[in-house]
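Chemist: Next up is a structure, given as C-alpha cells.
The values are calculated or read from the model by the stated rules, or taken from the named source; none is laboratory data. A quick note: this is a predicted structure, and the numbers were derived from the prediction, not measured. Cβ sites come from the backbone with ideal geometry, for glycine too, and all protein chains shown count toward neighbours.
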Amino acid sequence: MKHGISMNIKELLIQQAANFPQKAAIIFEGKEINFFDLKERAFKLANYFTSLGVKKPDKIALFASNIPDSIYCYMATYSIGTTLIPFDYMLTENEIIHLLNHSEAKVLIMQPKKDINLENIRENCYSLKEVIILKERLLKEPFLDDILAQNSSEPPLAVSKEEDLSSIFYTSGSTGHPKGVMFCYSHLDNPVETINHFLGVSEKDIYLTGGIPFSHVGGLNYILLMLRFASTIVLMERFHPLEFLKNIEKYKITIFCIVPSMYVAILSLKEYERFNLSSLRYAVVFGAPSSPLLLRKFHNACPKAIVLNGWGMTETAAPNTFSPPDESKISSIGKFGFRMKAKIINEEGGTLFYGQKGELLVSGDGVMKGYYKEPTLSSDAFYGEGWLRTGDVAYCGDDGLIYLAGRIKDMIKVSGEIVFSSEVEEKIHLHPQVAEVAVIGVADEVRGEVPKAFIVPKEGQTIDEKELKTFLKQHLAHFKIPRQYEFVKELPKNRVGKIDKQALKKSRE
C-alpha cells in the first residue's frame, strides 16, 4: 500500500512561491506572510544550518509556541533532510534537558521563557552545539531575525529520502516516561493525503489552528496542508474561545480541528450564536467526543458545515479516518481503508466481528517507525507483523462503521463488570446543568473499583448530587452509576486541550 512521496518540502516551497507569491500562507496577529517570503525565510535558515555543518542524520530541537518562526524552523529542517524534534512549550527546564540528551539534538531553537535557564541547558546537554533564539534578542546567542537578514535564500543543496528520519514527536501518553515517536519523510504524506481524501481541500481553504501546538502532530498537519495545497493558516498562539469565534468570522475560516473541551468552552459562551460561521465547510473533533449531543449543538450554530469525528494517534501520523458526513453517524469513527487497515481482536488475539468489543489494531502507511532508542517499547507496541496496538476498545456496528467504546486504560472493573468511563461521561453530559465531566476509577473495598465523577457545572448553576443520581438511573445500569462525585470549577487539561485524567488520579493519591 505504498504511495509516492508528495511532501518534498524544498520543492513545494519553490513551487508555491512561484505559483502564489503574494498569497497569504500565514496570518498571525493580523499580519500576513506570503508564500514567497515563507520560502525565502525557510531557505535562509536552512542555509545557516548547513553553514554550521548540520546535515542528516543530525537533529534540530524546537522549543517555541505557535508563532510564524516555528513554521520557518519546520520548513528549514525538512528542506535539508535533517530531523526536527518539536518540544512542548509547557515543558520544564529539567524535561528539556532530558529530552535533548535522549534525542542527541545538535541544535536547539528556543523562544525564551521564564524559569528556563539557557546556561543550565548548555552545561547539561552534551550533544548541543548551537542555540538559536526566537522572538526576543539575547546578548550571546544567534538571533533568528539576524540569521534571516544575513543568509542566502538560494535553495539548499541537501535532499531527503523517504526512509530518512523527518521528526521525533515526544509523547508521554497517559503513563510512563516520554516516548519519541519516529516519523520518516514518507510519513509526512499521510496526514495531508488522508485529510484531502476525506475532506477535499484546495488553495481556497483557510484553516484556524485554534492553539493546537506545533509540538503535536495535529499542529504539524496545518503546516503540511498549507504548503501542499497553497492554503492559508490563521495562527493562534493559544486557545481563547471568543477569539476563536472572532477569527472564524473575520477570516472566513473553512476548516478547523479541535478537541472536545474546546467545543465545551465555545458553547459555554453566551454570545457564540451571534457569530457568522457560514464560511465553515468542516468542523472536526479529535479525541473521542464526550457526547455527540455536544457536536450537534455546535452544528446548530453553523448549519452549512459538516461536523465530523476524526480518529488518529501520534503513532499513526494522524488523522487516519473520519466519521461519514451524516450527523446520525457522528458517534462513529467511520471506516479504515485509505492508506490504513484495521481489525478488532479479543484478549487471545482472535479477530472479532460485528458488535463484539475488543482492542483496535491498525496497520498501513501512517504507522510509526517505532519509539526512538526504545526497542522493547517499540516491540510491545505491535501485535504480530505490522499491527499497532491502539489501546482503544472498539466494535464494528451493523452499518460497517467502527465505534469506540473507550480506552483500555479507562476501563473500570466494578465487581467484575466492565465499565467504560466514556459511556458514563456521555450520560452525565445529558444533564442540562453539566458543562464538563471526567470519570475515573477509584479503589473500593467491596467492589474493587467504582466510578468517580468530576463535574464542572454550567456557569451560575449548582447540581444536586441526589437529583443527578436519580437522573442517571434512567440512562445507566446501577453498577455504572458513579459512587463518588466531586464538583469542581475546572478540569485539568494537557497542552492539546484534552482532559488530563492522570492529573486527576495523581491529585487523589
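Chemist: For residue 253, only one of the following conditions fails: (1) crowded, with 22+ Cβ neighbours inside 10 Å; (2) closer than 22 Å to residue 498 by Cα; (3) assigned by TED's automatic domain parsing to the domain that holds residue 306. What is its number?
Modeler: Here residue 253 clears every test but (2).
Chemist: Next up: Consider residue 428 carefully, then state whether it is closer than 15 Å to residue 501 by Cβ, of a type outside the set (Ser, Thr, Tyr) and at pLDDT 90 or above.
Modeler: Taking the combined requirement at face value, the residue satisfies it.
Chemist: A further question on this structure: Within the range 352-386, count every residue that is without any contact (Cβ under 8 Å) to a residue 24 or more places away in the chain, under 24 Å from the mean Cα position of the chain (by Cα) and closer than 20 Å to residue 409 by Cβ.
Modeler: Residues that pass the stated criteria total 4.
Chemist: Still on this structure, please answer the following. Looking only at the range 385-397, which residues are in contact with an Asp or Glu (Cβ under 8 Å, 6 or more places away or on another chain), crowded, with 18+ Cβ neighbours inside 10 Å and either of a type outside the set (Asp, Glu) or assigned to a loop (DSSP other than H, G, I, E, B) (or both)?
Modeler: Listed by number, the residues that qualify are 388, 390, 393, 394.
Chemist: Given the options 400, 334, 349, name the one that is free of Cβ contacts under 8 Å to residues at least 40 places away in the same chain and outside any helix (DSSP H, G or I).
Modeler: Exactly one of 400, 334, 349 is free of Cβ contacts under 8 Å to residues at least 40 places away in the same chain and outside any helix (DSSP H, G or I), namely 349.
Chemist: Another question about this same structure. Looking only at the range 96-114, count how many residues are in contact with a strand residue (DSSP E or B) (Cβ under 8 Å, 6 or more places away or on another chain) and outside any loop (DSSP other than H, G, I, E, B).
Modeler: The qualifying residues number 9.
Chemist: For the range 236-254, check the following and say yes or no: at least one residue is closer than 30 Å to residue 369 by Cα, aliphatic (A, V, I, L, M) and touching a strand residue (DSSP E or B) at 6+ places or on another chain (Cβ under 9 Å).
Modeler: Scanning the range 236-254 turns up no residue that is closer than 30 Å to residue 369 by Cα, aliphatic (A, V, I, L, M) and touching a strand residue (DSSP E or B) at 6+ places or on another chain (Cβ under 9 Å).
Chemist: With the range 146-228 as the region, which strands (runs of 3 or more DSSP E) entirely inside it contain at least 1 residues that are more than 14 Å from residue 256 (Cα to Cα) and modelled with pLDDT under 95?
Modeler: 165-171, 179-184
Chemist: Then there's this: Being assigned to a helix (DSSP H, G or I) and crowded, with 23+ Cβ neighbours inside 10 Å, is that true of even one residue in the range 24-34?
Modeler: No, there is no match, as no residue in the range 24-34 is assigned to a helix (DSSP H, G or I) and crowded, with 23+ Cβ neighbours inside 10 Å.
Chemist: Still on this model: Kindly establish whether residue 318 is buried (at least 20 other Cβ atoms within 10 Å of the Cβ), part of a loop (DSSP other than H, G, I, E, B) and of a type in the set (A, V, I, L, M).
Modeler: For residue 318, the condition - buried (at least 20 other Cβ atoms within 10 Å of the Cβ), part of a loop (DSSP other than H, G, I, E, B) and of a type in the set (A, V, I, L, M) - is met.
Chemist: Starting from residues that are in contact with a His (Cβ under 8 Å, 6 or more places away or on another chain) and within 30 Å of residue 88 (Cα to Cα), keep the ones in the range 452-499 and report whichever is surrounded by the fewest Cβ atoms within 10 Å (Cβ to Cβ).
Modeler: 495
Chemist: Just checking, does the range 48-57 include any residue being closer than 16 Å to residue 235 by Cβ, of a type in the set (Phe, Trp, Tyr) and part of a helix (DSSP H, G or I)?
Modeler: Scanning the range 48-57, I find no residue that is closer than 16 Å to residue 235 by Cβ, of a type in the set (Phe, Trp, Tyr) and part of a helix (DSSP H, G or I), so the answer is no.
Chemist: Go over the candidates 72, 89 one by one and state the one that is in a helix (DSSP H, G or I), touching a residue at least 40 places away in the same chain (Cβ under 8 Å), hydroxyl-bearing (Ser, Thr, Tyr) and surrounded by 15 or more Cβ atoms within 10 Å (Cβ to Cβ).
Modeler: So the residue among 72, 89 that is in a helix (DSSP H, G or I), touching a residue at least 40 places away in the same chain (Cβ under 8 Å), hydroxyl-bearing (Ser, Thr, Tyr) and surrounded by 15 or more Cβ atoms within 10 Å (Cβ to Cβ) is 72.
Chemist: On to the next question. So which of 474, 461 ends up being farther than 25 Å from residue 259 by Cβ and part of a loop (DSSP other than H, G, I, E, B)?
Modeler: Unique residue meeting the criteria: 474.
Chemist: Same structure again: Scan the range 71-78 and tell me whether some residue there is assigned by TED's automatic domain parsing to the domain that holds residue 188, touching a strand residue (DSSP E or B) at 6+ places or on another chain (Cβ under 7 Å), at pLDDT 95 or above and of a type in the set (Gly, Ala, Ser).
Modeler: no
Chemist: Please work out which residue is farthest from residue 371 (Cα to Cα), limiting yourself to the range 128-141 and to residues that are part of a loop (DSSP other than H, G, I, E, B) and without any contact (Cβ under 8 Å) to a residue 60 or more places away in the chain.
Modeler: 139
Chemist: Out of everything in the range 389-418 that is of a type in the set (Lys, Arg) and modelled with pLDDT under 95, what residue ends up being farthest from the chain's Cα centre (by Cα)?
Modeler: 413
Chemist: Looking at the range 398-412, which of the residues that are surrounded by fewer than 22 Cβ atoms within 10 Å (Cβ to Cβ) and aliphatic (A, V, I, L, M) is farthest from residue 336 (Cα to Cα)?
Modeler: The qualifying residue farthest from residue 336 (Cα to Cα) is 411.
Chemist: Restricted to the range 410-436, and to residues that are among the charged types (D, E, K, R) and assigned to a strand (DSSP E or B), which residue is nearest to residue 468 (Cα to Cα)?
Modeler: This residue is 436.
Chemist: Look at residue 181 and say whether it is touching a helix residue (DSSP H, G or I) at 6+ places or on another chain (Cβ under 7 Å) and farther than 29 Å from residue 375 by Cβ.
Modeler: no
Chemist: Quick one: in the range 370-384, of everything that is in contact with a helix residue (DSSP H, G or I) (Cβ under 8 Å, 6 or more places away or on another chain) and assigned to a loop (DSSP other than H, G, I, E, B), which residue is farthest from residue 193 (Cα to Cα)?
Modeler: Across the range 370-384, the extreme among qualifying residues is 373.
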